[in-house]
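So the structure is just underneath, and the comments pick up after that.
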Amino acid sequence: MTESAKKIGGVEFRSVSRRYGKVTAVDQISFKVEPGTLVTLLGPSGCGKTTTLRMIAGLEAPSEGTILIGGRDVTLLPATDRDVTMVFQSYALFPHMNVLDNVAFGLEVSGVPKAQREAQAMQGLAMVGLAGFENRLPSELSGGQQQRVAVARALVLEPEVLLFDEPLSNLDAKLRRKMRDDIRELQSKLGLTSVYVTHDQEEALAVSDRIIVMNRAVIAQEGSPSDLYRRPVSRFVADFMGISNLLDGIVIARADGRVKVRCGEATLDLPAPTATAADDVTVAIRPQGIRLEAEAAPDRLPVTVRKATYLGSHLEYVLDSDAGELFVVDPTSERAVPPGSGAWAAFRHDGVALVPRGE
Ligand SMILES: Nc1ncnc2c1ncn2[C@@H]1O[C@H](COP(=O)(O)OP(=O)(O)O)[C@@H](O)[C@H]1O
Ligand SMILES: [Mg+2]
């Protein structure tokens, strides 16, 4: 794992499609992964994430388009001739080999002499916090430890590009958080170009330099985690990023870099960067973008508290309004407003985005 020997190449897709008979799994997508960065493909099941990853690895050939790695056209290059390694959801460890041999396996295949590959494998295990586990069998490890072995096995190969396909989906919530932080830390420390697939928006926000949101074989939006969270361009992206309050609104005025939107009985006056050109809009409001107030105001929506739940670190409300149901997360209050109470919902401007009505 010598810094000097490391090649860092980026990945580029130019109008790449992949069809299986009548099914178009990936439809003319173009994107770039800058060298040394981690880009996440995020989207619902079946949107084309794994197919995209497998095309980077060379395990699947595009039906059309061009794929470049490190600036080189690899479209027709077989997997074995690409310097790309994939970490699978299933770990894919060899059950009869101990941890050390599992990690050293790829190096053995590449013809690295025994002493050297064992030294490198030990170093890889130390990197993922598994020094001392080298003689165990995979069955003698927890799920999280097995996943670490899979990561170490990929890291020791020092690939030009490292791919992760839903690597944490077999782990419980607490371990997922720990592992995703560890993966991110190793990736940035080693400066590895990485493409990470998940359907979990929180995981994507936590690990990525950039996120590519996919929907039905195409790219719905690409940007930094905060771009996507703060400025979704469609209802689909807003919804998928967890901005769960989606109300109908109508733009009634635009002037001086601001936009006035009618939403139920409230008229919101928002900074224009959040606005779309359309007049029929969906007002997308984060659960943390809403505050409950006791007094009316023109930019507040009258609501009735339907449900209040105390969750230790925060309160959650479900509110009814004439514009629709609202879900609110309130991390500041200690006491819940009881169900049945009337109140007013006030919106934080940085918690609101406008997207065109429709999909
Ligand atoms: N080998 C295959 N043969 C036929 N259809 C496939 C094959 N692989 C994937 N697909 C289809 O392509 C679409 C995208 O699949 P996939 O890339 O696995 O999605 P994701 O990883 O986002 O869940 C799905 O409709 C899937 O059924
Ligand atoms: Mg998949």
Q: Would you please state which residues of the range 189-231 a label at Glu316 would reach in this model, taking the label point 7 Å out along Cα→Cβ and a backbone N cut-off of under 11 Å?
A: none
Q. Going highest first, how would you order 242-255, 162-175 by mean Cβ packing within 10 Å?
A. 162-175, 242-255
(Q) Compute the distance from the alpha-carbon center of the range 102-149 to that of the range 291-357, in whole Å. (A) 51 Å
Q) Can you give the FRET efficiency for Ser90 and Thr309, using 1/(1 + (r/R0)^6), R0 = 41 Å, r = Cβ-Cβ distance, to the nearest 0.05? A) 0.70
**Q.** Value of relative contact order over the range 244-356, rounded to a whole percent, pairs C-alpha under 8 Å and six or more apart
**A.** 31 percent
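Given the peptides 286-299, 346-359, 40-53, arrange them by the average over their residues of other C-beta atoms within 10 Å, most packed first.
40-53, 346-359, 286-299
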Q) Taking the Cβ-Cβ separation of Asp227 and Thr80 as r and a Förster radius of 35 Å, what is the calculated FRET efficiency to the nearest 0.05? A) 0.40
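Note down the relative contact order for the range 38-81 as a percent, whole number, built from C-alpha pairs under 8 angstrom at least six residues apart. Don't jump to the answer; show the numbers that get you there.
Values: 26 pairs, mean separation 11.5, N = 44.
Taking the mean separation of contacting Cα pairs over the length of the range 38-81, I get 26 percent.
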Q | Residue-span extension gain [Ala296 to Val329] - 0.36 nm each, minus C-alpha spacing | A | 9.8 nm
Q.
If you restrict to DSSP beta bridges whose two residues both lie in the chain, what percentage is antiparallel, to the nearest 5?
A. 80 percent
Q: Let me have the relative contact order for the range 11-230, percent, based on Cα pairs under 8 Å that are six or more residues apart.
A: 29 percent
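Given the peptides 209-220, 107-118, arrange them by the average over their residues of other C-beta atoms within 10 Å, most packed first.
For the peptides 209-220, 107-118, the packing ranking is 209-220, 107-118.
None of the figures in this text is laboratory data; all of them are computed from the coordinates on show. Computed from a predicted structure; not experimentally measured. Reconstructed Cβ throughout: ideal geometry from the backbone, glycine too, with neighbour counts over all protein chains shown.
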